[in-house]
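A.B. asks: Below is a structure I'd like to ask you about.
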Amino acid sequence: MTGVPRSSQMPATPSRSAVSMRVLLSNEFGLTALIALTAVVFALTLEGFTSPFSLFAMGRQIGIDTMIGLAMMAVIVTGGLDLSVGAIGVCAAMTFGWLAQTKGVPVLPSVVLAVLLGGGLGFINGFAVVKSGVHSFIITLASMSIFFGIMVFLTKAAAYNGLPAEVSAFGKFKFFKTISPLLLISVASCIGLALLYRFTVLGRQMLAAGANARAAELSGIRTGRVIVACHILTGLLAAMAGLLVVARTGAAVPSMAGQLGQDWLLPAFLAPVLGGTLLSGGRVSVLGTLLGATFVNVLTSGLLLMQVGSFWILAILGSMLLAAVFTDRARQVFLKSRGMI
Amino acid sequence: MSALEVKGVSKSFPGVKALNGVSMTMQAGSIHALLGENGAGKSTLIKIVTGIYQPDAGEVRMNGSPVRFANLRQSAAGGLGVVHQERNLVTRFSVGENILLDRLGKSALSRVDYPAIWREADKWLKLLELDVDPQTPVTRLSVAQMQLVEIGKALSQQSRVLLMDEPTASLTPNETQVLFRILRKLRDDGVAIGFVSHKLEEVFAICDRVTVLRDGQNACDSADMKGMVRGDVVQMMIGRAERITARAPRPMPSAPPLLELKAYASNLGHRDIDLTIRPGEILGLYGLVGAGRSELAKAILGLARQTGGEVRVAGRPVQITSVAEALHTHGIGYVSEDRKAEGLILMHSVLNNSGITIWTRLAGKLGFLRDRRVEAEVSPVLQRLELKTPSLQQTIDNLSGGNQQKVSCAKWIAAGVKLLIIDEPTVGIDIKTKAYMHDLIHELAAGGTAVLLITSDMPEMIDVADRIAVMDGYRIHGLVENDRNYDRMSKAIMGFIHGREAA
């Protein structure tokens with residue numbers, strides 16, 4: 001991390017203690033510690049927590065929640081949000097069901113088309129946000145209802161239960177008796193996104209436009225296009241999340257993400273926010289999103305094994321979202337006061 | 001006993017000493033001018049008096065007793081009214097509600113007594129000779145009427161001291177005359193009025209005392225204006241003509257023009273703009289705040305719509321519709337006057353801020369880009385600018401203003417722009433970096449870059465520019481060759497702005 005600082009005027013690089021302090025205070029470190037702690041406690045106290053099936057189910061759900069979190073993260077980058085991720089996910093899932101079951105299109109092309117549909121819906125969101133200048137909250141609140149409404153109208157709210165056998169086989173498949181391919185797909189997506197933000201012009205432009213759209217525009221970035229690209233990415237990822245759910249359940253069901261797809265909103269925000277993605281935009285942590293989804297699921301699985309009611313779990317997750325936001329603020333203030341960020 | 005007394009007030013911000021032992025004494029029944037160039041410390045002084053900032057040293061007294069306000073609400077309660085430069089009215093509310101906005105009821109839940117509000121507001125409107133119904137929504141008022149409502153709002157808080165920051169900036173001459181008549185009436189009623197303005201003729205028309213600030217210090221402290229002439233005040237405001245270091249005269253570039261505007265008009269209000277900039281030339285664009293200079297820069301960059309005339313880049317007629325096009329197709333860059341909002345991405349690193357303009361150019365296949373490639377391009381530029389930073393990964397928010405400004409320039413130098421528009425390059429920057437920026441601009445021009453320099457700092461303009469175009473009211477009023485004779489140049493420039501009167 002040097003380049004310029006060879007001239008004599010440059011002060012020394014930050015002290016080692018400052019660097020390690022920054023690592024210790026990072027979201028990723030905190031989450032890893034929390035995951036390890038929770039996992040160890042549950043493993044020691046709860047029977048069946050470490051059984052191959054429990055690990056498999058946990059991993060599969062981590063894969064799905066990570067994908068949902070990534071979808072939201074891709075648009076939080078811009079300082080915006082997308083309430084329609086659930087609706088887009090369901091629309092993609094139903095499109096896949098229609099193609100694969102009714103139209104007899106082979107699985108792989110159906111997947112590609114469904115994901116592209118998600119990208120298209122994301123484009124509609126992004127285009128409307130950029131052209132109108134209205135905050136994405138309102139735009140996507142509207143599009144959530146529109147997408148979901150049209151989907152219900154077209155499918156008559158009927159599920160596709162007769163999907164090709166390989167779909168549910170894929171959802172049940174296990175590597176080494178514990179690892180779901182769904183998790184692997186999400187991890188691969190994480191790697192792809194990390195590369196995007198770290199090593200591509202588009203990714204950097206997304207972060208720049210998210211941090212300060214005006215300055216980015218005046219530096220020659222076509223901010224409007226970049227923001228549309230973020231929404232398209234969100235659509236693509238939401239569609240993939242929808243297909244992962246289809247693989248898990250073995251069917252495409254209109255109610256798989258709740259009414260209007262709202263059941264996805266809590267995991268969608270929890271994973272990136274726990275992971276340290278800044279809600280005001282301009283900073284992401286892909287690894288943090290993966291860890292955030294992991295922590296949520298380790299905790300949820302443990303609590304379920306303890307037979308805690310699912311409504312209590314929801315309340316706990318909601319509180320965690322609040323706590324994450326507050327600790328993030330506190331951490332920012334602390335690091336800032338020490339001049340570490 | 002003076003209505004408001006400022007004694008030896010100092011205030012520092014990180015990297016800048018904004019005020020250094022400033023004093024000012026305002027008497028009841030007097031209109032007191034507070035003058036100074038941009039960055040001289042006028043706004044800081046007003047903010048200290050009204051409690052927005054706390055002074056590092058010195059004190060503020062009202063009617064003889066020391067006061068220390070913690071915020072605007074306290075200073076208002078203490079009898080200090082302020083009319084800010086920007087409008088602070090709730091436009092959807094009525095005139096009466098706006099005047100009494102902070103006293104609509106005893107508590108948050110008590111009933112609003114509208115008849116009483118209309119009565120009370122009417123009293124102030126009458127005093128201000130403003131013939132509108134207090135129930136009129138503010139949206140229906142003219143700008144001048146809104147200005148008067150703001151004054152009414154300040155007065156209704158029983159203010160005996162009224163500070164006005166550029167109250168005439170958006171008024172026509174007629175409206176200004178009305179405002180002045182009312183200010184004189186208030187003065188005769190015993191109100192102490194502080195008047196900040198860039199328009200010297202107004203100051204001479206209405207003020208009887210003057211305090212001039214220069215670089216955060218008193219150039220004069222509450223002097224009687226009797227017998228003063230315009231030249232005296234200008235001398236105090238810009239002072240030390242001797243600071244203009246005689247730069248070696250530069251050969252006039254003879255290359256064909258890089259940018260030409262002919263009878264250019266924009267939807268922002270620019271009309272009949274004729275400008276020509278050649279490679280290697282520094283063209284100054286002087287004007288007061290609100291003259292339309294930064295707006296012209298942004299119009300050239302494609303952020304406004306061209307409504308008439310012609311733009312030529314390197315001889316070819318063009319229509320620039322976005323900053324991306326200005327940069328990547330025509331090689332035009334813009335260093336914004338608002339570094340924090342428009343120039344830099346504060347939460348990102350030095351590397352990302354200085355490389356943002358060249359990402360596209362450096363990208364490999366599929367848009368892939370390594371930090372090392374950006375570093376290799378940016379490092380020599382940053383080294384040349386003697387940037388002080390612990391590392392390239394440092395968040396830019398943590399650098400000093402001067403170093404931030406270097407990065408805002410570095411990104412355009414790295415991009416190799418052919419025309420660089422630099423807007424107020426040295427506002428809020430220490431003197432050493434300021435001199436450095438001036439050298440840098442000269443160095444760039446010597447290397448063949450065309451520079452359009454926008455500044456309200458007259459010494460800076462005369463120090464740096466080759467030719468100076470004077471803008472006022474979104475038009476070019478004149479163009480002078482800079483002979484670096486301070487008196488002659490400043491007179492010529494002011495002459496263009498104030499028309500015949502100043503000549």
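A.B. asks: Out of A:ALA330, A:ALA257, I need the residue that is in a helix (DSSP H, G or I) and among the aliphatic types (A, V, I, L, M). Which one?
C.D. replies: Numbers: A:ALA257 fails: in a helix (DSSP H, G or I).
Criteria check complete, one pass: A:ALA330.
A.B. asks: Something else: Filter the range A:246-275 down to the residues that are under 15 Å from the mean Cα position of the chain (by Cα) and either aromatic (Phe, Trp, Tyr) or surrounded by fewer than 24 Cβ atoms within 10 Å (Cβ to Cβ) (or both) and list them by number.
C.D. replies: Across the range A:246-275, the qualifying residues are A:GLN262, A:ASP263, A:TRP264, A:LEU265, A:LEU266, A:PHE269.
A.B. asks: Tell me, which residue of the range B:386-409 that is of a type in the set (A, V, I, L, M, F, W, C) and more than 10 Å from chain A (Cβ to nearest Cβ) is nearest to the chain's Cα centre (by Cα)?
C.D. replies: Step one: filter the range B:386-409 for residues of a type in the set (A, V, I, L, M, F, W, C), giving B:387, B:392, B:396, B:399, B:407, B:409.
Next, from what is left, pick out any that are more than 10 Å from chain A (Cβ to nearest Cβ): B:396, B:399, B:407, B:409.
On the way: B:ILE396: 24, B:LEU399: 23, B:VAL407: 22, B:CYS409: 20 Å.
Checked the range B:386-409; the qualifying residue nearest to the chain's Cα centre (by Cα) is B:CYS409.
A.B. asks: Would you pick out the residues in the range B:39-72 that are assigned to a helix (DSSP H, G or I) and out of contact with any Pro (no Cβ under 7 Å at 6 or more places or on another chain)? Lay out the reasoning, then the answer.
C.D. replies: Of the range B:39-72, the ones assigned to a helix (DSSP H, G or I) are B:42-49, B:72.
Within the range B:39-72, B:LYS42, B:SER43, B:THR44, B:LEU45, B:ILE46, B:LYS47, B:VAL49, B:LEU72 qualify.
A.B. asks: Given the conditions (1) under 28 Å from the mean Cα position of the chain (by Cα); (2) closer than 28 Å to B:VAL464 by Cβ, report the number of the one that B:SER379 does not fulfil.
C.D. replies: Every condition holds for B:SER379 apart from (1).
A.B. asks: Moving to a separate point now. Please pick out the residue among B:GLN405, B:GLN383 that is over 19 Å from B:LEU346 (Cα atoms) and either touching a Phe, Trp or Tyr at 6+ places or on another chain (Cβ under 6 Å) or not aliphatic (A, V, I, L, M) (or both).
C.D. replies: Numbers: B:GLN405 fails: over 19 Å from B:LEU346 (Cα atoms).
Selected residue: B:GLN383, the only one of B:GLN405, B:GLN383 that is over 19 Å from B:LEU346 (Cα atoms) and either touching a Phe, Trp or Tyr at 6+ places or on another chain (Cβ under 6 Å) or not aliphatic (A, V, I, L, M) (or both).
Here is a yes/no grid of residues against (1) surrounded by 24 or more Cβ atoms within 10 Å (Cβ to Cβ); (2) within 14 Å of chain B (Cβ to nearest Cβ); (3) modelled with pLDDT under 95:
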| position | (1), (2), (3) |
| --- | --- |
| A:GLY220 | yes, yes, yes |
| A:ILE232 | no, no, no |
| A:LEU237 | yes, no, no |
| A:ALA241 | yes, no, no |
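A.B. asks: Any residue in the range B:371-387 that's within 12 Å of B:VAL407 (Cα to Cα): show its pairings with residues that are outside any helix (DSSP H, G or I) at Cβ separation under 7 Å, as long as the two are six or more apart or on different chains.
C.D. replies: These pairs meet every condition: B:SER379/A:GLY3; B:SER379/A:VAL4; B:LEU382/A:VAL4; B:GLN383/A:VAL4; B:GLN383/A:SER7; B:GLU386/A:GLN9; B:LEU387/A:VAL4.
A.B. asks: Here's a follow-up. Could you tell me whether A:SER168 is among the polar types (S, T, N, Q) and at pLDDT 95 or above? Walk me through it before giving the result.
C.D. replies: Values: among the polar types (S, T, N, Q): yes; at pLDDT 95 or above: no.
Criteria not met by A:SER168.
A.B. asks: Can I ask one more? Being surrounded by 16 or more Cβ atoms within 10 Å (Cβ to Cβ) and of a type in the set (S, T, N, Q) is the filter here; which residues of the range A:156-180 pass it?
C.D. replies: A:SER168, A:THR178, A:SER180
A.B. asks: Okay, next question. So is B:ALA70 of a type in the set (A, V, I, L, M, F, W, C) and modelled with pLDDT under 90 or not? Don't jump to the end; show me each part of the working.
C.D. replies: Working: of a type in the set (A, V, I, L, M, F, W, C): yes; modelled with pLDDT under 90: yes.
For B:ALA70, the condition - of a type in the set (A, V, I, L, M, F, W, C) and modelled with pLDDT under 90 - is met.
A.B. asks: Taking the condition touching a strand residue (DSSP E or B) at 6+ places or on another chain (Cβ under 8 Å), modelled with pLDDT of 85 or more and assigned to a loop (DSSP other than H, G, I, E, B), does B:PRO390 pass?
C.D. replies: Working: touching a strand residue (DSSP E or B) at 6+ places or on another chain (Cβ under 8 Å): no; modelled with pLDDT of 85 or more: yes; assigned to a loop (DSSP other than H, G, I, E, B): yes.
Considered against the rule, which asks whether it is touching a strand residue (DSSP E or B) at 6+ places or on another chain (Cβ under 8 Å), modelled with pLDDT of 85 or more and assigned to a loop (DSSP other than H, G, I, E, B), B:PRO390 comes out as no.
A.B. asks: Further question on the same structure: Suppose we keep only residues that are over 22 Å from A:ILE191 (Cβ atoms) and of a type in the set (S, T, N, Q) within the range A:28-47. Which one would you say is nearest to the chain's Cα centre (by Cα)?
C.D. replies: The residue in question is A:THR38.
A.B. asks: I'm checking my understanding of the structure. Among residues of the range A:181-208 that are at the interface with chain B (Cβ under 9 Å from one of its Cβ atoms) and either in contact (Cβ under 8 Å) with a residue 40 or more places away in the chain or aromatic (Phe, Trp, Tyr) (or both), which one is surrounded by the fewest Cβ atoms within 10 Å (Cβ to Cβ)?
C.D. replies: That would be A:PHE199.
A.B. asks: Name the pairs whose Cβ atoms lie under 7 Å apart, with the first residue in the range B:178-196 and closer than 20 Å to B:VAL143 by Cβ, the second among the acidic types (Asp, Glu), and 6 or more positions between them or separate chains?
C.D. replies: B:ILE182/B:GLU129; B:VAL196/B:ASP165; B:VAL196/B:GLU166
A.B. asks: Where residues in the range B:92-132 are buried (at least 18 other Cβ atoms within 10 Å of the Cβ) and in contact (Cβ under 8 Å) with a residue 40 or more places away in the chain, which of them is nearest to B:LYS185 (Cα to Cα)?
C.D. replies: Result: B:LEU128.
A.B. asks: Also, I was wondering about something else. Please work out which one of (1) in contact (Cβ under 8 Å) with a residue 60 or more places away in the chain; (2) more than 21 Å from B:ALA28 (Cα to Cα) is the condition B:GLN135 fails and give its number.
C.D. replies: The failed condition is (1).
A.B. asks: Here is a further query. Scanning the range B:49-71 for residues that are among the β-branched types (Val, Ile, Thr), closer than 17 Å to B:SER159 by Cα and within 26 Å of the chain's Cα centre (by Cα), which turns out surrounded by the most Cβ atoms within 10 Å (Cβ to Cβ)?
C.D. replies: Initial filter on the range B:49-71 (among the β-branched types (Val, Ile, Thr)): B:49-50, B:52, B:60, B:67.
When the remaining residues are screened for being closer than 17 Å to B:SER159 by Cα, the result is B:49-50, B:60, B:67.
In the following step, the residues that additionally are within 26 Å of the chain's Cα centre (by Cα) were identified as B:49-50, B:60.
On the way: B:VAL49: 25, B:THR50: 22, B:VAL60: 22.
Only one residue fits best here, namely B:VAL49.
A.B. asks: Next up: Sort out for me the helices (runs of 4 or more DSSP H) sitting completely within the range B:83-182 that have 1 or more residues that are in contact with a Lys or Arg (Cβ under 7 Å, 6 or more places away or on another chain) and closer than 20 Å to B:SER197 by Cα. Break it down stepwise before answering.
C.D. replies: Details: elements: B:95-99, B:114-127, B:143-156.
Answer list for the range B:83-182: B:143-156.
A.B. asks: Hey, which of the strands (runs of 3 or more DSSP E) in the range B:439-503, taking only ones fully inside, have at least 3 residues that are surrounded by fewer than 18 Cβ atoms within 10 Å (Cβ to Cβ) and in contact (Cβ under 8 Å) with a residue 40 or more places away in the chain? If you could, list the steps in order and put the result at the bottom.
C.D. replies: Details: elements: B:450-455, B:467-472, B:475-481.
Of the strands (runs of 3 or more DSSP E) lying wholly inside the range B:439-503, none has at least 3 residues that are surrounded by fewer than 18 Cβ atoms within 10 Å (Cβ to Cβ) and in contact (Cβ under 8 Å) with a residue 40 or more places away in the chain.
A.B. asks: Right, here's the next one. For the range A:48-103, name all the residues that are of a type in the set (S, T, N, Q) and either within 21 Å of A:GLY276 (Cβ to Cβ) or over 20 Å from the mean Cα position of the chain (by Cα) (or both).
C.D. replies: A:THR50, A:SER51, A:SER54, A:THR66, A:THR78, A:THR95, A:GLN101, A:THR102
The values are calculated or read from the model by the stated rules, or taken from the named source; none is laboratory data. Remember, predicted model here, so these are calculated numbers, not experimental data. Neighbour counts are summed over all protein chains in view; Cβ atoms, including those assigned to glycine, are modelled from backbone coordinates with ideal geometry.
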